[in-house]
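The structure under discussion appears below in the form of structure tokens.
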């Protein structure tokens, strides 16, 4: 594939290494919003930038009929507009708050468990914890919010809050440390037992590999997709 890496920070550099090892061509590496000229001949853009710039980055790629993979969090209030731009241009767009294959399977297992336990929700206190590196801009993480949303959808709680919860609320604890690629925990606690689901990222390369796999999968397809499509999760 002919790739553009938009947002060439630590994640972009990890993606570059894996992309080259898998024999892909990188035509553009940019920390700024690309121009139409910059994107010439690009087939797939992989966008890991900053919430402030994500919308403009994705928009210009879709308008140039370039497939876009985005993992930038913190801008999703504009997601519907991006979906409309994608459909209007018969484009291709895939968004994930987390591209780790393990995280996406962890999310799916957590979702299915929530369906199983919802009949007994009064017996358990539920909380989410996420830990990331100090440079992560959004709090809580996009993955933690995704976990919270399906717990709310299943009726486990009415809404999520950052910090200590009140009645019918789901508490999300967010912590930032110097060298933590990412930890997500969903805890169910009762007077008789604790049930804990946990995913720990050991290296940034896991996220980068998932992004490349998604880009390989999406190439030549049309539409709006997620990692559930890539991993064939029902």
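Scan segment 208-234 residue by residue and report those that are more than 28 Å from residue 41 (Cβ to Cβ) and assigned to a helix (DSSP H, G or I).
First pass over segment 208-234, keeping only residues more than 28 Å from residue 41 (Cβ to Cβ): 228, 231-234.
Answer for segment 208-234, where residues must be more than 28 Å from residue 41 (Cβ to Cβ) and assigned to a helix (DSSP H, G or I): just 228.
Taking the residues in segment 141-160 that are touching a helix residue (DSSP H, G or I) at 6+ places or on another chain (Cβ under 8 Å) and within 18 Å of residue 100 (Cβ to Cβ) as candidates, determine which candidate is modelled with the highest pLDDT.
Of segment 141-160, the ones touching a helix residue (DSSP H, G or I) at 6+ places or on another chain (Cβ under 8 Å) are 142-143, 146-147, 150-151, 154-160.
When the remaining residues are screened for being within 18 Å of residue 100 (Cβ to Cβ), the result is 142-143, 146-147, 150.
Details: 142: 86, 143: 89, 146: 90, 147: 93, 150: 88.
Across segment 141-160, the extreme among qualifying residues is 147.
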Query - Residues within segment 150-167 that are surrounded by fewer than 16 Cβ atoms within 10 Å (Cβ to Cβ) and part of a strand (DSSP E or B), tallied - result: 3
**Report entry** Failed item, numbered, when residue 100 is tested on (1) surrounded by 15 or more Cβ atoms within 10 Å (Cβ to Cβ); (2) farther than 30 Å from residue 157 by Cβ; (3) in contact with a strand residue (DSSP E or B) (Cβ under 9 Å, 6 or more places away or on another chain)
**Finding:** (2)
Report summary line: Checked against (1) farther than 18 Å from residue 69 by Cα; (2) at pLDDT below 95; (3) touching a helix residue (DSSP H, G or I) at 6+ places or on another chain (Cβ under 6 Å), residue 163 satisfies every condition except (3)
Report task. Within segment 90-137, track down each residue that is in contact with a helix residue (DSSP H, G or I) (Cβ under 9 Å, 6 or more places away or on another chain), part of a loop (DSSP other than H, G, I, E, B) and closer than 21 Å to residue 75 by Cα. Result -> 91, 96, 97, 98, 99, 100, 135, 137
**Report entry** Sole residue being touching a strand residue (DSSP E or B) at 6+ places or on another chain (Cβ under 8 Å) and not assigned by TED's automatic domain parsing to the domain that holds residue 211, chosen from 106, 48
**Finding:** 106
Query - Some residue of segment 165-185 being in contact (Cβ under 8 Å) with a residue 60 or more places away in the chain, touching a strand residue (DSSP E or B) at 6+ places or on another chain (Cβ under 9 Å) and outside the structural domain of residue 90 (by TED's automatic domain parsing) - result: yes
Requested in this report: Residues being part of a loop (DSSP other than H, G, I, E, B) and in contact with a strand residue (DSSP E or B) (Cβ under 8 Å, 6 or more places away or on another chain): count how many of those fall in segment 138-149.
Outcome: 3
Query - Spans of strands (runs of 3 or more DSSP E) in segment 168-207 with at least 3 residues on the phi > 0 side of the Ramachandran plot and either at pLDDT below 90 or crowded, with 16+ Cβ neighbours inside 10 Å (or both) - result: none
**Report entry** Complete set of residues in segment 44-64 that are in contact (Cβ under 8 Å) with a residue 60 or more places away in the chain, surrounded by fewer than 20 Cβ atoms within 10 Å (Cβ to Cβ) and in a loop (DSSP other than H, G, I, E, B)
**Finding:** 50
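The values are calculated or read from the model by the stated rules, or taken from the named source; none is laboratory data. What you are looking at is a predicted structure, and each value in this text was computed from that prediction instead of being measured. Every residue, glycine as well, gets a Cβ built from its backbone with ideal geometry; the counts of neighbours run over all protein chains shown.
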